[in-house]
């Protein structure tokens, strides 16, 4: 099967679950081309994991276009299919307009790229996969309409802007898709609630968990640094890292002398540093900035506890939660989105979002109880092996994509070997 995959940005400093998913498909024999919407940052190749290379995905199979080249190269297909492209553009841009000028401009920006790639790749693929639901999903839709309307079209929804905050043209894409894939059970229920009016949505909605190559995540129960909390992710308000900083004075008053290591960068870093100074805990909070994945994994292997205090809907199921579970670092995280799918049943500790006191209590309990940390880590590793194995999940996803047949929008036929959850 030859698969066209549309994503927003690749290569990128943070693209780990995209790379893992693509590598798993390639290992099953799927032939992949990646179409990345945003401009190429050449130095970002150095951040990629083991996806690229002559035996996996050579760089010439990852496609980029400048907007100038896209405008020039889209002309052939527009001459042949101007009426359809024009109708699609009007519908898409009309749907984007209520989301403000920035999102409208980004949506307009991607259309010439989708049409240019359609001009060069007509009838070349057996399946089109939109890896993200928003901008990449719209580009994949526009591409599919012109280049490959008779082959199956699948869309993968994750979180954040992709699903929760700016679902531009989403109902139309979901109706048009043969498969709607998402990364956690929470999202499955969310899509049913928010888009339940889309025809036949239940029969084509599948959970496919992002997986880990467990050989690269050996489980470690012993030898961890004492009283060390680790938080990993983009420094943004939605991560809730300020609640973790605010929990530090409470831990100190209870006699728990913990430290925090933050890995990541972003617009909220300066505010977090100022907050730590204002609360008198700056000496116990270390900001390590962005780190390559190997160093993040080393930090997880040192940490006593990984903390992910999301303040609400943002991530679906954060990568770092699964990674810490695999490595043996017990996780304390907010009871939001897909996090409970991973941590319930004693595989971690869930706390209400934005609850500083509750977060401090949960951290104090774990930091004082090594036996409980050990039991959580053992259960968490078992769950990872059951649900988040990269090669098994990739094989099930490949089977779903291979067995899907194109149906009329809203009247999708189930493939003969339909996989309900991979």
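Need a quick list: helices (runs of 4 or more DSSP H) entirely within segment 3-96 having at least 2 residues that are under 20 Å from residue 319 (Cα atoms) and not assigned by TED's automatic domain parsing to the domain that holds residue 264. Correct list: 16-27. Residue count for segment 69-94 under the criterion of being closer than 28 Å to residue 22 by Cβ and modelled with pLDDT of 90 or more: the result is 6. Across segment 158-178, a minimum of one residue is classified as within 23 Å of residue 394 (Cα to Cα), crowded, with 20+ Cβ neighbours inside 10 Å and more than 20 Å from the chain's Cα centre (by Cα).
Say whether the condition of being closer than 19 Å to residue 317 by Cα, in contact with a helix residue (DSSP H, G or I) (Cβ under 7 Å, 6 or more places away or on another chain), without any contact (Cβ under 8 Å) to a residue 24 or more places away in the chain and part of a strand (DSSP E or B) is met by at least one residue in segment 387-394. Checking segment 387-394: not a single residue is closer than 19 Å to residue 317 by Cα, in contact with a helix residue (DSSP H, G or I) (Cβ under 7 Å, 6 or more places away or on another chain), without any contact (Cβ under 8 Å) to a residue 24 or more places away in the chain and part of a strand (DSSP E or B). Of all residues in segment 156-196, which are modelled with pLDDT of 95 or more and at positive phi? The answer is 169, and nothing else. Summed over segment 351-386, the residues that are outside any helix (DSSP H, G or I), over 15 Å from residue 309 (Cβ atoms) and touching a residue at least 40 places away in the same chain (Cβ under 8 Å) give a count of 1.
In a residue-by-residue description of segment 181-190, the property of being under 22 Å from residue 312 (Cα atoms) and surrounded by fewer than 20 Cβ atoms within 10 Å (Cβ to Cβ) applies to at least one position.
The values are calculated or read from the model by the stated rules, or taken from the named source; none is laboratory data. What you see is a predicted model; the values in this text were computed from it and never measured. With ideal geometry, Cβ positions are generated from the backbone for all residues, glycine too; neighbour counts draw on all protein chains shown.
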